[in-house]
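Below is one structure; the comments refer to it alone.
The values are calculated or read from the model by the stated rules, or taken from the named source; none is laboratory data. Because the structure is predicted, anything quoted here is derived from the model rather than measured. Every residue, glycine among them, receives a Cβ derived from its backbone with ideal geometry; neighbour counts consider all protein chains shown.
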Amino acid sequence: EIFVEKLDVEGEFTIDKVIMVGKDDGAVVGAPYVEGASVKASLIKNGKAKKVTVFTYKPKKSSKRKMGHRQPYSKIKIEAINA
């Protein structure tokens, strides 16, 4: 299970753009992608990360600003790696 940026998919899906595939006898690195490799994954849930608070101010002035941000993410599970 890994966390990635929010994906607009549901259920199982396939990732065709694989950058690197590792095996017991070594690793294959693509230029830019590994030919014929794919990853089968399934979406577990979409969510938002914890809030990050940003506070900016200018010294000796009455200028200040407080902002917050919650980054959306997707939690996926890797089912199979086809190389």
Would you please name the residue that is farthest from the chain's Cα centre (by Cα), looking only at residues in segment 12-47 that are part of a strand (DSSP E or B) and more than 24 Å from Lys77 (Cβ to Cβ)?
Gly26
Among the candidates Asp8, Asp24, which residue alone is loosely packed, with under 11 Cβ neighbours inside 10 Å and closer than 15 Å to Ile81 by Cβ?
Asp24
Residue within segment 48-55 that is part of a strand (DSSP E or B) and surrounded by 12 or more Cβ atoms within 10 Å (Cβ to Cβ) present
no
Answer residue from segment 59-83, given it is in contact with a strand residue (DSSP E or B) (Cβ under 8 Å, 6 or more places away or on another chain) and not in a strand (DSSP E or B) and is modelled with the lowest pLDDT among those:
Ala83
